[in-house]
Amino acid sequence: MTTLIGIRQPGHDAWSRSFKRLLFTPVWTGPSICVSVRGAVRTYSGSGGKAIFIGHCLAADHQVRAAVATGNPAVIARLPGSYSFVFGTAESNLLLAVDTAGQFPIYFAERAGQIVFSSHAVLLASLVGSDIDRVALAADVIFLPGTRTVFCDIDQVASGMALRVDKNGSSYIRMLRPEPDERTTLDDAAERLRTRLVEAVEARAVASSLSADFSGGLDSTSLAHLALDARGTLPVLTFRSSVVPVPDDFERAARWAAMRPGFRHVLVDGGQDQLPYQNLVAAVDQPQWAPITMAPLRLRLETAARLGSDLHLVGEAGDLLLGAPQIYLADLARRGELAMLWRHCLCWARLRGRSPAALFRRALLLAAKTRRTSLHGLARMLVTANVPRSNPAWEQQVLSHWGQLSCDFLLPAARRSLAAQIMSMAEAQSDRLDLGDQATTDLLRLVARAQRALRDAVTDLPVALHAPFLDSAVIEACLTVPARSRCDPEVAKPLLRKALAGLVPADVLTRQTKGDYSQQNYLGARRAAPRLRALLDSPASADLGVVNPGPVRETLERGLQGLPVAWGSLNQVFAIELWLRRLDSNSWELRHV
């Protein structure tokens, strides 16, 4: 794991000594800027300034040097890959730039006129003495988007943006934050995606000994085909569970692997130990639920390591970027595209055995609300905890700004404080982006945060985990076309199908079904029930005044009985509890970052 810590301000000697005591290595010591690291980073100096990269910068050394020599951060940000960077000039101007998804975050705090920054919020909090932000922790339970961390006065540089710090203070500048362009057609986006995705895979294939997921789904299988084109031979791994078998995925993976002799198809067999919740692991930096469900991934990476791989490709973020959150239906209603809206409602409702009229009405209702009024409604819901005990109708779940809320998971005081914050946020909201595009942006941050937590959790393995769909150029190619144009209920991932036609077999690109893994949470929770109940017996999150353990326990018991529950919020409560307990144990944060 690479960890970075730095400060901009004359007279940083005391901070520099602190960095050294933590066994950090100085990589930049100037009159006004000091940066130290643990782990490997790429550092380049030139006439234009000095840059330190964290993440997956795939450019060759000569390309990076040429970009840094320009002194133009926009040029440095457009190198291939997914990475963040710190850039400074001879005038002691500092720029903290974050990748498009936020997969490699940079956090900062202001103390007595000094800007202290780090790749890990928990390390920064321990250095500057920040307490846990209870309101931000409450927002984490319901996945409220934003750039606040769970520590007081520590913020995250927004994804795709850069924080500029100079003698006049600090300000944000836009770097790589793609927005939809109504002039961009699906064909235009497909042509760009084809180029960017091939480049993303080829850059990794040249640099490393490679392996790839081969789940039987479109995303990982497509990446594997591109990697095979670049390498000639490729180990591809398919996880097969004896507890929750999904024959459709496995049979397709076996058939598709046999289509090309260069694939070395490896079955990774898992059992009950690979169910969710069997290894309750806390995220390293901020609370995140992904590590408690990551056993199949760890088993695949262990297998990849035994095969000699040092870089493994996964298809994370493909579902989001190549499709659209179903709130895009409200955008069709807003734009008066009612015939198309009805056709899409018919298709989606038929797949779920629901009424298309109910879905149509829900889209019209949501289209009439602004983001500000929706936030006001969320704040009122938090204050009253007016959430039905039974699951809301499917139409309400899929067509919502906030998904399936669990407001009753929060104690009354935490709900009131969070509601007050939401009301103040609401005044700054606009409807510049369509609902589907805004939801995609919000969900992309969550996907990137999950990928970061998974990557941190497997640093003990000699295999780097890469998700090419999170490369900045790939995200840009996908998101320049509006969400409502990326989605067609009659064609699975039309953007990917157009982009990779001729590169990936048509049988792969035309798959319409998707494996159902929904039983995993239920089976895993039953097997781990004593440990999950113990987590909620005397929760630290309740002691902080955030989580209301009663409704959480009731939800867990309903899940153990096989009833539908909001697993997302429940998993996040488990993640918060594990994180808080580990944070309190013997300066855990310093030892682990």
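Values as computed for the structure displayed
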{"quantity": "Residues that are open to solvent by 60 Å² or more (accessible area, probe 1.4 Å) and either under 19 Å from Leu307 (Cβ atoms) or in a helix (DSSP H, G or I) (or both), drawn from the stretch 222-247", "calculated": "Asp229, Arg231, Thr233, Arg240, Pro247"}
{"quantity": "Scope the stretch 44-79; condition surrounded by fewer than 22 Cβ atoms within 10 Å (Cβ to Cβ), under 23 Å from the mean Cα position of the chain (by Cα) and β-branched (Val, Ile, Thr); matching residues", "calculated": "Ile52"}
{"quantity": "Conditions (1) free of Cβ contacts under 8 Å to residues at least 40 places away in the same chain; (2) of a type outside the set (S, T, N, Q); (3) under 18 Å from Ala333 (Cβ atoms); number of the one not met by Asp434", "calculated": "(1)"}
{"quantity": "Residues located in the stretch 147-158, provided they are under 25 Å from Met175 (Cα atoms), open to solvent by less than 50 Å² (accessible area, probe 1.4 Å) and free of Cβ contacts under 8 Å to residues at least 60 places away in the same chain", "calculated": "Ile154, Gln156"}
{"quantity": "Set Trp394, Trp342, Trp348: member being within 25 Å of Asp434 (Cβ to Cβ) and touching a residue at least 60 places away in the same chain (Cβ under 8 Å)", "calculated": "Trp348"}
{"quantity": "Qualifying positions in the stretch 510-545 - in a loop (DSSP other than H, G, I, E, B) and within 23 Å of Phe239 (Cβ to Cβ)", "calculated": "Arg511, Gln512, Thr513, Lys514, Gly515, Asp516, Tyr517, Ser518, Ala528"}
{"quantity": "Selected residue (only one of Ile132, Ile142 is out of contact with any Lys or Arg (no Cβ under 9 Å at 6 or more places or on another chain), buried (at least 20 other Cβ atoms within 10 Å of the Cβ) and either of a type in the set (S, T, N, Q) or closer than 24 Å to Ser406 by Cα (or both))", "calculated": "Ile142"}
{"quantity": "Residue match in the stretch 494-504 (condition: closer than 30 Å to Gly271 by Cα and either surrounded by fewer than 18 Cβ atoms within 10 Å (Cβ to Cβ) or touching a strand residue (DSSP E or B) at 6+ places or on another chain (Cβ under 6 Å) (or both))", "calculated": "no"}
{"quantity": "Filter result for Asp219 (part of a helix (DSSP H, G or I) and surrounded by 18 or more Cβ atoms within 10 Å (Cβ to Cβ))", "calculated": "yes"}
{"quantity": "Test: residue in the stretch 3-26 that is among the hydrophobic types (A, V, I, L, M, F, W, C), surrounded by fewer than 15 Cβ atoms within 10 Å (Cβ to Cβ) and at pLDDT below 80", "calculated": "yes"}
{"quantity": "Index of the failed condition, Leu405 passing every other in (1) buried (at least 17 other Cβ atoms within 10 Å of the Cβ); (2) of a type in the set (A, V, I, L, M, F, W, C); (3) part of a helix (DSSP H, G or I)", "calculated": "(3)"}
{"quantity": "Test result for Phe360, in contact with a strand residue (DSSP E or B) (Cβ under 7 Å, 6 or more places away or on another chain) and either under 28 Å from Arg445 (Cβ atoms) or aromatic (Phe, Trp, Tyr) (or both)", "calculated": "no"}
{"quantity": "Single residue of the stretch 80-129 satisfying the filter (assigned to a helix (DSSP H, G or I) and not β-branched (Val, Ile, Thr)) that is nearest to the chain's Cα centre (by Cα)", "calculated": "Ala121"}
{"quantity": "Scan of the stretch 546-570 for residues that are open to solvent by 10 Å² or more (accessible area, probe 1.4 Å), within 26 Å of Ile132 (Cβ to Cβ) and assigned to a helix (DSSP H, G or I), ordered by number", "calculated": "Pro549, Gly550, Pro551, Arg553, Glu554, Trp567, Gly568"}
{"quantity": "Complete set of residues in the stretch 297-338 that are acidic (Asp, Glu), farther than 30 Å from Ala483 by Cα and either modelled with pLDDT of 95 or more or not in a loop (DSSP other than H, G, I, E, B) (or both)", "calculated": "Glu302"}
{"quantity": "In the stretch 364-418, residue modelled with the lowest pLDDT [restricted to those that are within 24 Å of Ala324 (Cβ to Cβ) and among the aromatic types (Phe, Trp, Tyr)]", "calculated": "Trp402"}
{"quantity": "Yes/no for Ala357 being in a helix (DSSP H, G or I), open to solvent by less than 10 Å² (accessible area, probe 1.4 Å) and not polar (S, T, N, Q)", "calculated": "no"}
{"quantity": "Given (1) within 29 Å of Val508 (Cα to Cα); (2) surrounded by fewer than 19 Cβ atoms within 10 Å (Cβ to Cβ), index of the condition Leu301 fails", "calculated": "(2)"}
{"quantity": "Residue within the stretch 272-289 that is out of contact with any Phe, Trp or Tyr (no Cβ under 7 Å at 6 or more places or on another chain), closer than 30 Å to Val198 by Cα and not aliphatic (A, V, I, L, M) present", "calculated": "no"}
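The values are calculated or read from the model by the stated rules, or taken from the named source; none is laboratory data. Owing to the predicted nature of the structure, the values given are computational and were not obtained by experimental measurement. Glycine also receives a Cβ, built like all others from the backbone with ideal geometry; neighbour counts cover every protein chain displayed. Accessible surface is based on the protein model in full, side chains and every heavy atom, while ligands, DNA and RNA are left aside. Shrake-Rupley method; radii C 1.70, N 1.55, O 1.52, S 1.80 Å.
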